[in-house]
Amino acid sequence: VQLQASGGGLVQSGGSLRLSCTASTSIVRINTMAWYRQAPGMDRDLVADVTDDGRTDYADSVKGRFTISRDKANNAVYLQMNSLKPEDTAVYYCRVQSGGYQYAYWGQGTQVTVSS
């Protein structure tokens with residue numbers, strides 16, 4: 001497994017979760033690390049990403065509530081999700097681009113369910 005994601009679960013509205021994703025050491029020269037999400041019947045959309053030099057970008061729907069961070073030494077990316085809403089319910093996927101953006105890898109997905 002090249003990308004291992006974890007941290008999903010069931011939480012009440014207003015709660016918090018922290019997702020983690022670790023890339024195997026076989027993935028080198030990582031550029032951008034990102035989190036996407038896909039709700040049933042919907043497209044997979046970008047939630048947040050972080051570049052090699054630390055620049056971050058967020059979907060408008062999560063700005064001010066989610067924070068993406070990266071641990072370059074451990075090839076890991078995290079997503080701290082606060083003030084969760086039922087509309088945040090989805091399967092969350094991590095994605096890594098490497099090799100000068102030549103290669104892209106997806107994690108297996110982790111379910112986040114927010115109850116009202």
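The values are calculated or read from the model by the stated rules, or taken from the named source; none is laboratory data. Everything numeric here is computed off the predicted structure, so don't read it as measured data. All Cβ positions, glycine included, derive from the backbone under ideal geometry; neighbour counts span all protein chains shown.
Quick look at the values:
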{"read-out": "Residues located in segment 16-43, provided they are surrounded by fewer than 15 Cβ atoms within 10 Å (Cβ to Cβ) and either among the charged types (D, E, K, R) or out of contact with any helix residue (DSSP H, G or I) (no Cβ under 9 Å at 6 or more places or on another chain) (or both)", "value": "Ser16, Arg18, Ser24, Thr25, Ser26, Val28, Arg29, Gln38, Pro40, Gly41, Met42, Asp43"}
{"read-out": "Single condition Cys21 does not satisfy, out of (1) within 17 Å of Val114 (Cβ to Cβ); (2) within 10 Å of the chain's Cα centre (by Cα)", "value": "(1)"}
{"read-out": "Condition check for Tyr58: under 15 Å from Leu17 (Cα atoms), of a type outside the set (Gly, Ala, Ser) and at pLDDT 95 or above", "value": "no"}
{"read-out": "Whichever residue in segment 86-116 is touching a helix residue (DSSP H, G or I) at 6+ places or on another chain (Cβ under 9 Å) and outside any strand (DSSP E or B) and, among such residues, is surrounded by the fewest Cβ atoms within 10 Å (Cβ to Cβ)", "value": "Ser116"}
{"read-out": "Count - residues of segment 1-18 that are more than 11 Å from the chain's Cα centre (by Cα), in a loop (DSSP other than H, G, I, E, B) and not β-branched (Val, Ile, Thr)", "value": "5"}
